[in-house]
Structures are given as structure tokens and as C-alpha cells.
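J.: Okay, handing you the structure first.
The values are calculated or read from the model by the stated rules, or taken from the named source; none is laboratory data. Predicted, not measured: the structure shown is a model, and the values here were computed from it. All Cβ positions, even for glycine, are placed from backbone atoms using ideal geometry, and neighbour counts span all protein chains on display.
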Amino acid sequence: MRSRPKSTGIGREFHGFSGFHGFSGFYGFYGFYGVLRSVSGVKLGTLSSEFTAHVGAFSGAPRIYADANIPNGIVGYMRQRLGWDVLFVVEHDDLRRARDIEHYRLARRLGRTIVTLDRDYIDDRNFPPAEGAGVIVFWAPDERRLRQQLKRADRSLFRADGAGPLPLEGRKVCWPLEGDLEADARAGD
């Protein structure tokens, strides 16, 4: 049996890190995106986890975590037309079958607002607002209306005067907002 050469504590941590040396799967993705490691009692983060809090201030683009139920065409609209930085769950094999709570926690660690059509996120018992980076639960009968709602959310939440990188941190919004059904019907793409 072949054994690994001796290494420092940092080397051992590196060998167990996300995807290296045959480790893969869902928790491999989590390891890459900010699971803290402990080396000699000192907590260390990944490069991603250390910079996540600062990225929004530099890019200016809203950082979005698009749930699996968002249509592909809408994700393209968010990226191309709205200029959002979108992590789309469907594009990552390790995230496709993750539970909602795992998406909720990962979005927080990555500093991304969840955009979803899944009303399960409304339940504060399962998804405490204080533990989230923000959630927008959309309801729209078709993609045209969803695009209109996203455009309004872009103007009123993400690009509003004084909006920070996580304008909904610790909060949830169900869209359309009160009175927006009529406004969405009149708005254009």
C-alpha cells in the first residue's frame, strides 16, 4: 500500500480541499466556496470566502443566486440585459439536487441574493431572514411578466440610490409587490 508523504498541517488541509485528490461531489463545491478549515486551531477560509464580502463593492453588479426553477432564458436576461452577476444553480452539477436550505446557506456565504419562484423560501421557520443574504420570491404567469418584474426589482432594489451590495440582507420580498400587478401589465421590456 502506498502512503502519502508527510506534510505540514497546511498540506493535510490542502489534500482534503474541494475536488483535489479525488474528492468531489456536493461538499466539494461547498469546500471551494468558503467552508472554513482549521489548521492548528486557527480558522482559515478559502480565497473565495475571504473576498466575498468585498466583491460587491468593486463590481457594482448585483450578485444573484438563481434557483433551479428560474428559466434559462430569464437567467440570460438577468446577465445580458440587466448586467447582473448570476450564479445559476442548474449550471453546477453539485448544486442541482441540493436542498433549499443548503442553497440558502451557500447564497449567504457567497454574498448573493436568492432569486426564485419557490414559495417555500417564504417560511421564516425554515429560512430565518436574519440568516440570509436576501431572497426575492417572484410570481409571474409567464416569462414576459417575469422580465418586467426583474426590471422593476433592478431599478427599485439593486440600483436604487444608496443600495448596497446586498440590499435585502436579512429580508425577504415577494414580488410583485402590492399594486405592482397593474404597473407590470403597463411596463415594457
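J.: Considering only residues that are part of a helix (DSSP H, G or I) and either touching a Gly at 6+ places or on another chain (Cβ under 8 Å) or modelled with pLDDT of 95 or more (or both), which ones fall in the range 56-78?
T.: G56, N72, G73, I74, V75, G76, Y77, M78, listed by residue number.
J.: Sticking with this structure for a sec: Scan the range 148-176 residue by residue and report those that are in contact (Cβ under 8 Å) with a residue 60 or more places away in the chain and of a type in the set (F, W, Y).
T.: If the condition is that a residue be in contact (Cβ under 8 Å) with a residue 60 or more places away in the chain and of a type in the set (F, W, Y), then F158 is the only one that fits.
J.: Same structure, new question: Before we move on, is R119 of a type in the set (K, R), without any contact (Cβ under 8 Å) to a residue 12 or more places away in the chain and either surrounded by fewer than 17 Cβ atoms within 10 Å (Cβ to Cβ) or in contact with a His (Cβ under 7 Å, 6 or more places away or on another chain) (or both)?
T.: No; evaluated as a whole, the condition is false for this residue.
J.: Here's a follow-up. Could you please give the count of residues in the range 79-91 that are surrounded by fewer than 14 Cβ atoms within 10 Å (Cβ to Cβ) and assigned to a loop (DSSP other than H, G, I, E, B)?
T.: 1
J.: Do you know which residues across the range 128-151 are crowded, with 17+ Cβ neighbours inside 10 Å and either farther than 25 Å from N72 by Cα or of a type in the set (D, E, K, R) (or both)?
T.: Correct list: R145, R147, K151.
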